[in-house]
Amino acid sequence: MSVSRASIPKAALLVLLVAFLAAPDAFAGLFRPLAPAGTPPIYAQTPLLTLAVNHLLLVAAATLAASLLALGSAIAATRPAGRDVLPFARALANLGQTFPPVAVLALAVPIFGFGTVPTLIALVLYGLLPIFETALTGLESLDPALLEAARGMGMTDRQRLVRVELPLALPMILSGIRLSAVIGLATATIGSTVAASTLGEVIVSGLLTGNTAYVLQGGLVVSALAILIDAGLRALEAVAARRAGSHA
Amino acid sequence: MIELMHVSRVVDGRTIVADVSLQIASGTILTVVGTSGSGKTTLLRLINRLVEPSAGTIRVAGRDVRTVPPDALRRGIGYAIQGHGLFPHRTVAENIGVVPKLLSWDRNRIAARVDELLALFRLEPALYRDRLPAALSGGEQQRIGVARALAAEPPILLMDEPFGALDPIIRGQAQDDLKAIQKRYGTTIVLVTHDMNEALRLGDRIAVMDRGRLVQEADPTALVGAPATDFVGALLGRGDRAFQLMALRIVDDLVEPGPAPGAPIMAGTSVRDALAESLWSQRPALPVSRDGVILGRVTRATLEAQGACP
Amino acid sequence: MGGHRATRAPVSFRPARPAFDPLGSVFAALLGLGLLALPLVTARPNRIALGTPLTAWSALPLGQALALGAVLGCAAPLLALRIAPGLRLAAGSAALTMLCLAAGWAADHLTPSGDRYGRISPDAGWWLAFAAAGLAAGDGLARLRPSPVLRIGALALVAALAGLILRSGLWDNLSVLREYVSRSDTFGREVRTQAGLALASVAAAALVGIPAAILARPVPALRAALLSVLNVVQTIPSMALFGMLIAPLAWIGRTVPGAADLGIAGIGAAPAFVALFAYALLPVTAATVAGLDAVPDPVRDAARGVGMTDRQRLAQVELPLALPAILTGIRIVLVQNIGLAVIAGLVGGGGLGVYVFQGISQNAGDLVLLGALPTVVMASGAAVLLDAVIDLSRGRAADRTP
């Protein structure tokens, strides 16, 4: 992997983040001025590392589910048989975005109980639209001559989808997944209001006790994770774009 | 052998192909020529079932194409289109090997075939095998597109304006390459073009289409000499017919004994090129040679006579 | 191969289209499931007691149950068939209307007269059927491909109908409205606060973001810096940003003269407003940059060639052409901020989030609904309205291009 000037601050961020999660108490001095007198400067209810891992797992699961659903719908909507469904699928994905995650969470709780499940549902709903739209754009903007050639050579529809369409649309699909994951990282914090184990727990605790140090710890860790994951997925996108033969 | 019997295609009330009947003998080249909207591309795509006829039957090697599953049919027919459709995310070798891979050839056989085709198209295998299409010039891409269509040794090759995007200098070379390949492999070729001169140059027989109808089907000489309708005549271009006819003939049978000054022309030169040389060098007669041996001469008068209406 | 097939091929080659519409069949199945297999409503003797789920025929008097069954029984099979979009819309709307009426009827039927503590709320069956009918109607409407004006008209019609039902008192015995009744004095204020926060933050973001984008776009370093900073802001979770602003704003409120009078303080609407403004900046700025980038070079050159100054070119050519993209960015953030403003309830900023979070802590689902439903309605309405406006602006931009 080439090291450019732009990746140095990100590498530093990564090191800082790992250090903080591994040994948070070492940073106590930094946070002490921001915490009310007498309270521990570092959130200690649950280890920050555990919360971070849970948070990441939750977002990963939600992004995976949203990707499968959205990609499946985009593929279905671009087949000749599925053309009719396209405006509806688009409207549905748009609708998913108008539901504020808090509301979805709150409404899902009576049915699914507290904790991870309603948070997962809310994240999946919210993450559908970016992936759906980019997958749709990626699949629709393929060169028709390519698809004609593939068909004319005797590829079955499935072979054409898997060997030609998807690899070429992959960069766009990945950009949608990246967007969805980054948004999801921030949104997952809200899950703590319904007792899901995420970094939001730190933030909520800080809000309730007026402890800015906690709020910062939770917020900055999430932010750092989002920046790093965004950079990582961008690199993946670039690799996919090269493999798809975009004008190097 | 390809047979089309009373084939029509009607879409939303519009007739794209109207009652076309054609027979294409094995090992020959049929060029289908017409203006845009004449249905020539649709006619081509009917053969490999990329579109289905509204009426009529199409037979390939005696079998009705509808009895063969479309994907299997297409793997046995080469298909080269304008804009070549090379997969940008696959190397040259992978592109050429697509159909053989679909047919489950073993890897060594595919590699050997790839190298054979690259050499045939005068592309150094070691240099071109692992390149991506984006790293090729337009002429190279076109050649790889045709190579890909030929990869699985299909008995039939369908081509839709394959030379359209090439500049004139490369186009002539590509046309000659095609004739040589066809002669070598004995492939039956159906080639669609809007360029009448290309059609005359390449085709053993030519089919002219106008608004979905087959207007005339004949060999080049018969077509030039006796266009069936004004439309065909217009396509040919009235002013050129003498020269078109002369381009179809070669000097070999017109050689007579006798001396002539200046550099000789090769046997196999077309009458038209010979006349052009005669005018340019202001010689009323030209010597003709083959393999360095002077065969005789050909006179301008004889050459000019070849331009008369047959 | 093929020896057993008939050698004479059919003359015409039109494959028969199946009679069933796949999507419509799904809706029909869900309608049936919701009506027949799942409970329609849940009845609770009071706010926090456990509820009894009731199916449609237990929850409604016979006549009304039959009516509901009849309408849905006709709509479902109709939707499963391949029918014209207008008919699809009609069937879905009929089912929707019937379900809305049934909810009110069930609530009236199950509430003893004079009782104030009982809580009747729609259950899984009702929600499923409502969602299916709503989606079916929406699908029918979408397939008609209505013009922007028609879409706004449809929105207004739905709003009017909903208003009519609310005013008629049909739904008064439903639990959500009972919660409303006990909070009717503050409800209006919270709605206004929510809408106000969302609109004000988006307006401010537009006022700051669009000029910033215009100014920064030509300078690559500035543009990259601006977008990077805004990107980082987007990654900060909303609750954290809301919370991080409390202390600084409190300090400003205390030390800067006149700030407290403006309402700048550590709690209340101020931190919510600043956070919402910050979140709205990136999409608006990025959309403006993208929209201006997308103006074709030949058009720009033509404008310069005619002798327009930079400012004239910007105002008369580039901005009008970039308008759809900019409006799309505004639409995205408005919908986003209507939803995000709910978090303001967590930091004392008011808004419908107050009900949502109270409902969560009291374990009262209806209170949550009281906060969530109006939010969803506002967000969806804004989305439909702005999408229509964007489509209208796209039409005009196309007319104006030379």
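Structure above, values below:
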read-out: Test: residue in region B:217-226 that is without any contact (Cβ under 8 Å) to a residue 24 or more places away in the chain, under 16 Å from B:G34 (Cβ atoms) and not in a helix (DSSP H, G or I); value: yes
read-out: Segments classed as helices (runs of 4 or more DSSP H), wholly inside region C:237-350, with at least 2 members that are touching a Leu at 6+ places or on another chain (Cβ under 6 Å) and either charged (D, E, K, R) or surrounded by 24 or more Cβ atoms within 10 Å (Cβ to Cβ) (or both); value: C:238-255, C:269-293, C:319-340
read-out: Top-ranked residue in region B:265-285 [being modelled with pLDDT of 90 or more and part of a loop (DSSP other than H, G, I, E, B); ranked as surrounded by the most Cβ atoms within 10 Å (Cβ to Cβ)]; value: B:R283
read-out: Count of region B:115-160 residues which are part of a loop (DSSP other than H, G, I, E, B) and among the basic types (K, R); value: 3
read-out: Qualifying residue in region C:125-134 (condition: within 14 Å of chain A (Cβ to nearest Cβ), without any contact (Cβ under 8 Å) to a residue 24 or more places away in the chain and either in a loop (DSSP other than H, G, I, E, B) or closer than 20 Å to C:Y180 by Cβ (or both)); value: no
read-out: Test for C:L141: is it part of a helix (DSSP H, G or I), out of contact with any helix residue (DSSP H, G or I) (no Cβ under 9 Å at 6 or more places or on another chain) and free of Cβ contacts under 8 Å to residues at least 60 places away in the same chain; value: no
read-out: Qualifying residues in region A:125-145 (those that are surrounded by fewer than 21 Cβ atoms within 10 Å (Cβ to Cβ) and within 14 Å of chain B (Cβ to nearest Cβ)) - the one nearest to B:Q82 (Cα to Cα); value: A:A145
read-out: Test: A:V202 is buried (at least 24 other Cβ atoms within 10 Å of the Cβ), within 27 Å of A:L107 (Cα to Cα) and modelled with pLDDT of 85 or more; value: yes
read-out: Among residues of region C:333-347, those that are more than 7 Å from chain A (Cβ to nearest Cβ) and more than 18 Å from the chain's Cα centre (by Cα), counted; value: 2
read-out: Selected residue (criterion: nearest to B:P287 (Cα to Cα)) from residues of region B:226-243 that are surrounded by fewer than 16 Cβ atoms within 10 Å (Cβ to Cβ) and modelled with pLDDT under 85; value: B:D240
read-out: Qualifying positions in region B:94-121 - touching a residue at least 12 places away in the same chain (Cβ under 8 Å) and more than 14 Å from chain A (Cβ to nearest Cβ); value: B:I110, B:A111, B:R113, B:V114, B:D115, B:L117, B:L118, B:L120, B:F121
read-out: Segments classed as helices (runs of 4 or more DSSP H), wholly inside region A:37-154, with at least 3 members that are within 25 Å of the chain's Cα centre (by Cα) and more than 30 Å from B:R74 (Cβ to Cβ); value: A:48-78, A:86-98, A:101-112, A:116-140
read-out: Which numbered condition B:F163 fails, given (1) away from chain A (no Cβ under 14 Å); (2) among the hydrophobic types (A, V, I, L, M, F, W, C); (3) crowded, with 19+ Cβ neighbours inside 10 Å; (4) in a helix (DSSP H, G or I); value: (4)
read-out: Count - residues of region C:218-236 that are in contact with a Leu (Cβ under 8 Å, 6 or more places away or on another chain), buried (at least 18 other Cβ atoms within 10 Å of the Cβ) and more than 25 Å from A:T209 (Cβ to Cβ); value: 2
read-out: Flag if A:I183 is at pLDDT 90 or above and under 26 Å from A:A238 (Cβ atoms); value: no
read-out: Check on C:S184, hydroxyl-bearing (S, T, Y), away from chain A (no Cβ under 14 Å) and within 30 Å of C:A106 (Cβ to Cβ); value: yes
read-out: Subset tally (residues that are surrounded by fewer than 17 Cβ atoms within 10 Å (Cβ to Cβ) and part of a helix (DSSP H, G or I)) for region B:244-262; value: 2
read-out: Matching residues in region A:195-209 - criterion: being in contact (Cβ under 8 Å) with a residue 12 or more places away in the chain, in a helix (DSSP H, G or I) and out of contact with any helix residue (DSSP H, G or I) (no Cβ under 6 Å at 6 or more places or on another chain); value: A:T209
read-out: Test: residue in region C:370-382 that is within 11 Å of chain A (Cβ to nearest Cβ), buried (at least 21 other Cβ atoms within 10 Å of the Cβ) and more than 30 Å from A:P87 (Cβ to Cβ); value: yes
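Quick grid of which residues meet (1) in a helix (DSSP H, G or I); (2) surrounded by 22 or more Cβ atoms within 10 Å (Cβ to Cβ); (3) more than 14 Å from chain C (Cβ to nearest Cβ):
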site	(1), (2), (3)
A:R160	yes, no, yes
A:L185	yes, yes, no
A:T189	yes, yes, no
A:T193	yes, yes, no
A:V222	yes, yes, no
A:L228	yes, no, no
A:E237	yes, no, yes
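Matching residues to (1) at the interface with another protein chain (Cβ under 10 Å from one of its Cβ atoms); (2) surrounded by fewer than 17 Cβ atoms within 10 Å (Cβ to Cβ); (3) β-branched (V, I, T):
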{"site": "A:T46", "(1), (2), (3)": "no, yes, yes"}
{"site": "A:A70", "(1), (2), (3)": "no, no, no"}
{"site": "A:I75", "(1), (2), (3)": "no, no, yes"}
{"site": "A:T78", "(1), (2), (3)": "no, no, yes"}
{"site": "A:F88", "(1), (2), (3)": "yes, no, no"}
{"site": "A:A93", "(1), (2), (3)": "no, no, no"}
{"site": "A:Q97", "(1), (2), (3)": "yes, no, no"}
{"site": "A:V102", "(1), (2), (3)": "yes, no, yes"}
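The values are calculated or read from the model by the stated rules, or taken from the named source; none is laboratory data. Note that the coordinates shown come from a computational prediction; the quantities given were computed from them, not determined experimentally. A quick note on method: Cβ atoms are made from the backbone with ideal geometry, for glycine too, and the neighbour counts reach across all protein chains shown.
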